[in-house]
Structures are given as structure tokens and as C-alpha cells.
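One structure below.
The values are calculated or read from the model by the stated rules, or taken from the named source; none is laboratory data. What you are looking at is a predicted structure, and each value in this text was computed from that prediction instead of being measured. Please note: Cβ atoms are built from the backbone with ideal geometry, for glycine as well, and neighbour counts cover all protein chains shown. Calculation scope for accessible area: heavy atoms of the full protein, side chains included, ligands and nucleic acids excluded. Shrake-Rupley method; radii C 1.70, N 1.55, O 1.52, S 1.80 Å.
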Amino acid sequence: MPATDSTRSTPLFARTYTGLLAALALGIACLWNGSAVADFRLCNNSSSRVGIALGYKDDDGWTTEGWWNVSSRSCETLLRGTLVARFYYIYALDYDRGGEWSGQAFMCSRDKEFTIKGTENCLARGFDRTGFFEVDTGEQRAWTVQLTEANEQPSQRVPGIPGPVGPSGPGGLPGMPNPQGATPPGASGLPSAPGPRQ
């Protein structure tokens, strides 16, 4: 005779099996819903802790935000939900070894936690003028930026980009750390761009 609970006449193994099926169905639903989530994420594939600042355009215009502190070999969601723009901008600092990942799209930032509206007149408004690198999402609904170290980059030529992939001198390529260490914003020797793409 099968074991039964004294409060019910249903066999114990049948209730356990039904409970396991319900838990499995819930787990599958969570995984399925999780795969449909559309976010803007950044994965720090370097061996250092990094600080991340993000620039983006929404209905109210340009906004820069910082700082997300991302541990080595981990990921962080910077914006939740379906992406509403094609271009996003990142500036990152290597906290452990110095250096930065920067670019030629100048936006406002500051040393402490911030949310700044607008990209114009940064210095006059009491902020720093910082070069962010562009991330072209190709109008995808979700995107993950992979932040890597210079020595992890392939040394092959890429069509349309002179020289090897990876930092090749002052400023390096957007999205790659500067091999000489941190440089002040705008000091890369390259002509400054007016700001992010409209």
C-alpha cells in the first residue's frame, strides 16, 4: 500500500512528483522570460576592477551617469529594458593598474557619483569634459559591451582601421585601454569631436 499523508488520501509520491513538476515549470518559465530581457550590459573581462560611466540619449536629450564599479571578470547591467537608441557611450577607468578606456565623443562627468543632463559647456557648468568611446548597437534590443585588456586583443589588421587592433599610441582605439596609462580627457593628440552622434 502506498504511503499517504494523514491529512489527504493522495499518495505522498504523487504529491511530491506534482510539486516537482510545478517547480520545474516555474524554473523553465523564469529562464524563458530571462532570455527575452533586453538590457544594456557591460562585462569586465580585465583582471582589474573598473569604474564605468555611461552616456545615452533619451526623450529628454543627452544624459551621462556614473559610476558603476565592476569587479574583474564580472558583468553589470547599466540600463534595464529594451534599448531605445543605436549609439551609447562608455568611459571606463582601471582602478587597480591605472589607465582608461576612452574615445573622442566628449561628454560631461565628475569624480563622484553623477547624473548629468546635457553634453554642452561641461567645464563652465562645473563638470569634467571626458572622452567616451562609442558603442554602435546596430539598433538591437539588447547589447553587452565586452571590456578587455590591451594584451588580450588580436594583433591583426582590420579593414578601415590603420595599424593593428589594440592601442597603438596616444589615445589608442576607442574601447581599448591606453598602454601609457591614464591621459587627461582631450589630451590624446587627436582632433576633438564635437560630442556624441545625434
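Given the conditions (1) within 16 Å of residue 41 (Cα to Cα); (2) assigned to a strand (DSSP E or B), which single one is not true for residue 129?
So residue 129 meets the others, but not (1).
Regarding segment 176-190, can at least one residue be identified that is modelled with pLDDT of 50 or more and either over 23 Å from residue 48 (Cβ atoms) or open to solvent by 20 Å² or more (accessible area, probe 1.4 Å) (or both)?
No, there is no match, as no residue in segment 176-190 is modelled with pLDDT of 50 or more and either over 23 Å from residue 48 (Cβ atoms) or open to solvent by 20 Å² or more (accessible area, probe 1.4 Å) (or both).
When residues of segment 56-70 are filtered for being of a type in the set (Gly, Ala, Ser) and surrounded by 12 or more Cβ atoms within 10 Å (Cβ to Cβ), how many remain?
1
Among all residue pairs at least 6 apart or on different chains, which show Cβ distances below 8 Å where the first residue, located in segment 142-154, is of a type in the set (Gly, Ala, Ser) and the second is surrounded by fewer than 16 Cβ atoms within 10 Å (Cβ to Cβ) and at pLDDT below 50?
Every condition considered, the pairs that remain are 150/179.
When you scan segment 45-55, how many residues do you find that are in contact with a strand residue (DSSP E or B) (Cβ under 9 Å, 6 or more places away or on another chain) and open to solvent by 10 Å² or more (accessible area, probe 1.4 Å)?
Selection size over segment 45-55: 2.
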